[in-house]
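S.K.: Here it is, the structure in full.
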Amino acid sequence: MEKSKIKFDLEKYKKKVANVVEQKKMFSVMNQTKWKELRNAMINDLPFPPPYICKDILFDDLKLPAFDKDVTYIGNWDYEMLYPFVGIQWIKIRPRYLKHRGRLIDGELIDETEEFISVLKRYSIPYEEENRVFTIYGYKEI
């Protein structure tokens, strides 16, 4: 049995993104280079890849999970998970997680916030921080 393949049309996607940006009167905050630097740093420069949630600019009604508490998983920063960068409206990153230690023992909080901030500053990546969640915008409204 042959698996069906969905062909992704990057140029069509970019045009749709550009239309939404124009309609919503948004401006670009990050570029392709900055997204690549961020992604590579999350994999190579930190003790663990931090968990995140990401909003694609084309999906307004998408129900994203709550991200207001520490989580028990790390982030998957594989290229395929974030590509194409051009469509990222924002990404929220929590550079902490609760490491599982057993059923009867509370998780151990692993916190790399200081290292994370250092990476953002090293690569001049603009961010906002609220309640230990860092938001990096691809686009913002004027």
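The values are calculated or read from the model by the stated rules, or taken from the named source; none is laboratory data. Please read these numbers as outputs of a predicted model, since none were measured by experiment. Heads up, the Cβs are rebuilt from the backbone with ideal geometry, glycines too, and the neighbour counts pull from every protein chain shown.
S.K.: State all residues of segment 88-104 that are over 13 Å from residue 64 (Cβ atoms), among the charged types (D, E, K, R) and in a strand (DSSP E or B); if no residue qualifies, say none.
M.R.: Result: 96, 99.
S.K.: Now a separate question. Has segment 114-129 got any residue that is of a type in the set (Val, Ile, Thr) and closer than 27 Å to residue 15 by Cβ?
M.R.: Taking every residue of segment 114-129 in turn, at least one turns out to be of a type in the set (Val, Ile, Thr) and closer than 27 Å to residue 15 by Cβ.
S.K.: Then there is this: Please name all residue pairs, on different chains or six or more residues apart, with Cβ atoms under 9 Å, provided the first residue is in segment 91-104 and is farther than 11 Å from residue 127 by Cβ and the second residue is at pLDDT below 85 and small (Gly, Ala, Ser).
M.R.: As it stands, the answer is 97/107; 98/107; 99/107; 100/107; 101/107, since those pairs meet every condition given.
S.K.: Report yes if some residue within segment 95-103 is modelled with pLDDT under 95, touching a strand residue (DSSP E or B) at 6+ places or on another chain (Cβ under 6 Å) and of a type in the set (Ser, Thr, Tyr); otherwise report no.
M.R.: There is at least one residue in segment 95-103 that is modelled with pLDDT under 95, touching a strand residue (DSSP E or B) at 6+ places or on another chain (Cβ under 6 Å) and of a type in the set (Ser, Thr, Tyr).
Per-residue answers, yes or no, for (1) in contact with a helix residue (DSSP H, G or I) (Cβ under 7 Å, 6 or more places away or on another chain); (2) among the charged types (D, E, K, R):
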site: 14; (1), (2): yes, yes
site: 17; (1), (2): yes, no
site: 21; (1), (2): no, no
site: 24; (1), (2): no, yes
site: 31; (1), (2): no, no
site: 42; (1), (2): no, no
site: 58; (1), (2): yes, no
site: 72; (1), (2): no, no
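S.K.: Could you grab me the full set of residues in segment 67-116 that are among the aliphatic types (A, V, I, L, M), under 13 Å from residue 42 (Cβ atoms) and surrounded by 14 or more Cβ atoms within 10 Å (Cβ to Cβ)?
M.R.: Keep residues of segment 67-116 that are among the aliphatic types (A, V, I, L, M), which gives 71, 74, 81-82, 86, 88, 91, 93, 98, 104-105, 109-110.
From what's left, under 13 Å from residue 42 (Cβ atoms): 74, 81-82, 91, 93.
Matches in segment 67-116: 74, 82, 91, 93.
S.K.: Could you please find all residues in segment 16-39 being among the β-branched types (Val, Ile, Thr), surrounded by 11 or more Cβ atoms within 10 Å (Cβ to Cβ) and part of a helix (DSSP H, G or I)?
M.R.: Scanning segment 16-39 gives 17, 20, 21.
S.K.: Which residues, counting only those in segment 57-66, are surrounded by fewer than 16 Cβ atoms within 10 Å (Cβ to Cβ) and in contact (Cβ under 8 Å) with a residue 24 or more places away in the chain?
M.R.: Within segment 57-66, 58 is the sole residue that qualifies.
S.K.: Which pairs have Cβ atoms under 7 Å, sit 6 or more apart or on different chains, and link a residue in segment 1-22 that is modelled with pLDDT of 65 or more to one that is among the small types (Gly, Ala, Ser)?
M.R.: The qualifying pairs are 13/87; 17/87.
S.K.: Please work out which residue is farthest from the chain's Cα centre (by Cα), limiting yourself to segment 40-84 and to residues that are more than 21 Å from residue 13 (Cα to Cα) and part of a helix (DSSP H, G or I).
M.R.: For segment 40-84, the residue satisfying everything is 44.
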